[in-house]
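All remarks here apply to the structure that follows.
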Amino acid sequence: MSIAAGELRSLQGFHSLTEPAARALVSCARRRSFDKREALFREGEEAHGILVVLEGRVRVVRSSRGRRHVLHTEQRGGTLGEAPFFDHDPYPVSAIAWTPVLALYLDRGCVERAVRSCPELALFFLSRLARRVRLLLDRVDRLATASVATRMCVYLLEQSERSDGSIVAITQESLAEELGTVREVVMRALRALRKRRIIASAGRGKIEIVDRSALCEVASGQET
């Protein structure tokens, strides 16, 4: 079952689409659901379509030397698989459902027909790819210049703001993947923050932000 053009246009990042362009995209699209930890697609597989996240969160990861690195995370309104779709190469990354996910699947024929009927869609996808490149460049810059403690504090603040609470649910292994490091380094950074009473353990796989102002100081790089 597909969705209405108005529902697609209501998604974050899709507001600029005209009604005809949205109708062209949803005309032959279909919903797909994925369980938590299920792969939407895997690195090396043939790229056959584009996915739009309707519900849930997806982590886009790449494996290297036995370690997995998170490149970006997508939620409602996020798109997946544009670059390999358009360059006709295999997926360079894997997309894993971080929570149960509902997505809109646009296969190659659907997208190509939609772009031919509404050329504005080509600029729409090009714009999304450009924003993705900027986000990845920002991530590379943080990895190169910021300490693990700084990156961790930035991540905790972003996640707490997203959930509007002081508890961030994530395992140490997943946090290491998000920060581009290993679990042992994450454990040391968490221990240091707990010792300063900036964070506290809120149970298995949960981190509580105790001193938000101090966390902001470390995230800004004012402290190490």
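Since every read-out is calculated from the coordinates, none of them should be taken as a lab result. Quantities reported herein were computed from a predicted structural model and do not represent experimental measurements. Positions of Cβ are backbone-derived with ideal geometry, glycine not excepted, and every protein chain shown enters the neighbour counts.
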Name the residue farthest towards the positive end of the dipole of the stretch 99-195 from the options Ser163, Val101, Val133, assuming +1 on Cβ of Lys and Arg, -1 on Cβ of Asp and Glu, about the Cα centre. Val133
Please check which bits of the stretch 177-200 a label hung off His72 would reach, taking the label as a point 7 Å along Cα-to-C-beta and the cut-off as backbone N under 18 Å. 178-180
Tell me, what HN-Hα J-couplings in whole Hz come from the Karplus equation 6.51 cos²θ - 1.76 cosθ + 1.60 at θ = phi - 60° for each residue of the stretch 201-209, using x for Gly and Pro? 6, 10, x, 4, x, 9, 10, 9, 7
Taking the simple approach of a point 7 Å from Cα along Cα-to-Cβ for both Asp141 and Arg183, what is their distance in nm? 3.3 nm
Free-by-geometry Cys in the chain, Cβ-Cβ under 4.7 Å as pairing rule, reported as Cys118, Cys153, Cys216
Hey, got the dipole for the chain? About the Cα centre, +1 on K and R Cβ, -1 on D and E Cβ, debye to the nearest 20? 600 debye
Report, in deg cm²/dmol and to the nearest 500, the calculated mean residue ellipticity at 222 nm for the chain, where each DSSP H run with n ≥ 4 adds -39500 (n - 2.57) and the sum is divided by the residue count. -13500 deg cm²/dmol
The stretch 146-219 shape via C-alpha gyration tensor axes, a/c threshold 1.5: rounded
Please sort by residue number the trypsin sites (Lys or Arg not before Pro) in the stretch 22-104 whose DSSP state is loop and whose Cβ has at most 14 other Cβ atoms within 10 Å. Lys36, Arg37, Arg42, Arg65
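Among rounded, prolate and oblate, which fits the chain when a ≥ b ≥ c are the square roots of the eigenvalues of its C-alpha gyration tensor, a/c under 1.5 means rounded, and a/b larger than b/c means prolate?
prolate
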Could you derive backbone 3J(HN,Hα) for the stretch 14-30 from the dihedral phi with the Karplus parameters 6.51, -1.76 and 1.60 (θ = phi - 60°), listing whole Hz in sequence and x where the residue is Gly or Pro? 10, 4, 6, 5, 6, 4, x, 5, 5, 4, 5, 6, 7, 4, 10, 7, 9
At most 10 other Cβ within 10 Å, DSSP loop - trypsin sites (Lys or Arg not before Pro), the stretch 115-206: Arg197, Arg204
